[in-house]
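Asks: Following this message is one structure expressed as structure tokens.
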Amino acid sequence: MTKKNIGTTGLLSVTLIAVMLFSLVGSCTSNDPEAITALLYSDGKPVAISIKDGKIAAVKKISDLPAGSAGLIVAPGFIDNQVNGYAGVSFTFGGGELTAEGVKKATRELWKTGVTTYIPTLTTNSNELLTKNFSILGAVKDDSALLGSIPGFHLEGPFISPVDGYRGAHPLRFVRKPDWEEFLQLNKSAGNNIIQVTLAPEMEGALDFISKCTEAGIVVGLGHHNADAQLVKEAIDRGADIATHLGNGCANMINRHINPLWPQLSDDRLMVSIICDGFHLNPEEIRVFYKVKGPGLTIITSDVTSYAALPPGKFVNVEGDTLELTPEGMVKYPAQNVLAGSASPLKKGIANIIRVTGCSLEDAVGMATRNPARLYNLDDRGEIATGKRADLVLFRMKDGEIIVEKTIVNGRVVFDREKKSI
Ligand SMILES: [Zn+2]
């Protein structure tokens, strides 16, 4: 009896230890993917990247890639600093009311395109709608399902030029003068997570507003404006960081000497974001902007909207405006004959800038990873290095396009093209 009891206890102990060991091993393999082997985007050499607890534990050079990995490239996950919505989900208006579930859906769909960090962008609208949507975003931002993909939000407008052309597709009736009190209230509803404001420096009170943003550590973008050289200089003196989607949010007819382009291009303190979807800028504009600012001061942004990843057609948004998504992927606002954001994810812009400028893959990827990470002080991402978040994208280049094979966010595989979904 006693002997049998001891035997049972011993057996139980062994079984328990075995179960514990198995679950330990099991948890390691389920949380941390096996070492990633691919060609490093920066030098094209094979590497093995190991991951632990959501971070990059080591990056080792290896002699060859294993069979089946030919042509596979690994890069830091893409960081998109201007996402108005995605796959039917709009952060301001468009495809119905914003919900926490909608934010999660947009995030999952963006992951499929290699984006691992993005900044939801709310555009010109009523105080009520902005307050409501910022509250929803603020509440869901740190949800574990998002894996830290949203570091903060971008408010583009409503403090922009009311003039046709410069205003773009932003509704005129909601354009207003910069109002710091209103901004503070909006930021409060967002859980104090607004990390960028894009405004027009010629609006009354804009320069003081920029100073206040700078003091508060909020990135200031100049956009949808018609400021002259003196105003642009003053805005940069006060801390403006970036020209938002340079070359867009600008009237078709401008003065050849006095216009917002020259002062923003000529001041080396100002970064630029550019939309390289093939519709917003001509190749010559992209080439010139890139030659002037270089790979250190240029950010590739998508300005992607809720119409991305939807079939072509006409859409009436909640404002009653008719927008059109063409089969080529252009989002048009026919009433003003302007573009209304894009339908192309960031990966298209990265591939396009290589094609148009002849820049290296390393530089193109850096403009969509390292540069936005630096702008927003996201020290834990934007590069492949030990200790950084394991936000990685594995892709192949095919016919000048980026084909995403696998996306890893915070060490978790969130998209695998072969498995379709995770
Ligand atoms: Zn814009």
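The values are calculated or read from the model by the stated rules, or taken from the named source; none is laboratory data. Worth saying up front: this structure is predicted, and the values here are computed from it rather than measured. Neighbour counts run over all protein chains shown; Cβ positions are idealised from the backbone, glycine included.
Asks: Can you pull out every residue in the range 151-172 that is of a type in the set (A, V, I, L, M) and away from the ligand (no atom under 13 Å from the Cβ)?
Replies: Val163, Leu172
Asks: Ok, one more. Check whether at least one residue in the range 18-36 is touching a Phe, Trp or Tyr at 6+ places or on another chain (Cβ under 8 Å), β-branched (Val, Ile, Thr) and at pLDDT 90 or above, and report yes or no. Spell out how you get there, then give the answer.
Replies: At the first step, the residues of the range 18-36 found to be touching a Phe, Trp or Tyr at 6+ places or on another chain (Cβ under 8 Å) are none.
No, the range 18-36 contains no residue that is touching a Phe, Trp or Tyr at 6+ places or on another chain (Cβ under 8 Å), β-branched (Val, Ile, Thr) and at pLDDT 90 or above.
Asks: So, Leu155, is that one farther than 15 Å from Asn248 by Cβ, crowded, with 22+ Cβ neighbours inside 10 Å and at pLDDT 95 or above or not?
Replies: yes
Asks: Of all residues in the range 159-187, how many are polar (S, T, N, Q), in a loop (DSSP other than H, G, I, E, B) and closer than 17 Å to Thr92 by Cα?
Replies: 0
Asks: Hey, another quick one. When you check Leu122 against the structure, is it hydrophobic (A, V, I, L, M, F, W, C) and either more than 21 Å from Trp180 (Cβ to Cβ) or more than 16 Å from the ligand (Cβ to nearest atom) (or both), yes or no?
Replies: no
Asks: Need pairs with beta-carbon distance below 8 Å; first residue closer than 21 Å to Thr123 by Cα and within the range 222-249, second assigned to a helix (DSSP H, G or I) and within 15 Å of the ligand (Cβ to nearest atom); sequence gap 6+ or separate chains.
Replies: Leu222/Gln264; Ala243/Gln264; Leu246/Gln264
Asks: Could you tell me whether Thr117 is within 16 Å of the ligand (Cβ to nearest atom), of a type in the set (S, T, N, Q) and in contact with an Asp or Glu (Cβ under 8 Å, 6 or more places away or on another chain)?
Replies: On the way: within 16 Å of the ligand (Cβ to nearest atom): no; of a type in the set (S, T, N, Q): yes; in contact with an Asp or Glu (Cβ under 8 Å, 6 or more places away or on another chain): yes.
Spelling it out, it is not the case that Thr117 is within 16 Å of the ligand (Cβ to nearest atom), of a type in the set (S, T, N, Q) and in contact with an Asp or Glu (Cβ under 8 Å, 6 or more places away or on another chain).
Asks: Select from the range 182-198 the residues that are in contact (Cβ under 8 Å) with a residue 60 or more places away in the chain and either out of contact with any Phe, Trp or Tyr (no Cβ under 6 Å at 6 or more places or on another chain) or farther than 15 Å from Ala139 by Cα (or both) and list them in ascending order. Break it down stepwise before answering.
Replies: Start the filter on the range 182-198 by keeping residues that are in contact (Cβ under 8 Å) with a residue 60 or more places away in the chain, which leaves 194-196.
Ile195, Gln196, listed by residue number.
Asks: Next up: Taking the range 253-279 on its own, how many of its residues are under 20 Å from Gln196 (Cβ atoms), of a type in the set (Val, Ile, Thr) and over 24 Å from the mean Cα position of the chain (by Cα)?
Replies: 0
Asks: When Gly148 is evaluated against the numbered criteria (1) of a type outside the set (Val, Ile, Thr); (2) in a loop (DSSP other than H, G, I, E, B); (3) within 16 Å of the ligand (Cβ to nearest atom), which criterion, by number, is the only one it fails?
Replies: Result: Gly148 fails condition (3) only.
Asks: Do any strands (runs of 3 or more DSSP E) entirely within the range 35-134 hold 3 or more residues that are closer than 23 Å to Val219 by Cα, and if so, which?
Replies: Values: elements: 36-40, 46-52, 55-61, 73-76, 78-83, 115-123.
Hits in the range 35-134: 78-83, 115-123.
Asks: Here is a list: Val220, Val197, Val232. Which entry is in contact with an Asp or Glu (Cβ under 6 Å, 6 or more places away or on another chain) and not hydroxyl-bearing (Ser, Thr, Tyr)?
Replies: Exactly one of Val220, Val197, Val232 is in contact with an Asp or Glu (Cβ under 6 Å, 6 or more places away or on another chain) and not hydroxyl-bearing (Ser, Thr, Tyr), namely Val220.
Asks: Pairs, please: C-beta under 6 Å, at least 6 apart or cross-chain, first residue without any contact (Cβ under 8 Å) to a residue 40 or more places away in the chain and over 25 Å from Gly247 (Cβ atoms) and in the range 167-181, second part of a helix (DSSP H, G or I) and more than 16 Å from the ligand (Cβ to nearest atom)?
Replies: Within 6 Å, the pairs are Trp180/Phe209; Trp180/Lys212.
Asks: Another question, then. Of Pro295, Pro327, which residue is surrounded by fewer than 21 Cβ atoms within 10 Å (Cβ to Cβ) and over 22 Å from the mean Cα position of the chain (by Cα)?
Replies: Pro327
Asks: For the range 338-363, name all the residues that are more than 16 Å from the ligand (Cβ to nearest atom) and either among the basic types (Lys, Arg) or modelled with pLDDT under 95 (or both).
Replies: Lys347, Lys348, Arg355, listed by residue number.
Asks: On to the next question. Run down Ile160, Ile150 and say which single residue is more than 30 Å from Phe415 (Cα to Cα), in contact with a strand residue (DSSP E or B) (Cβ under 8 Å, 6 or more places away or on another chain) and surrounded by 19 or more Cβ atoms within 10 Å (Cβ to Cβ).
Replies: Going through Ile160, Ile150 in turn, the sole match is Ile160.
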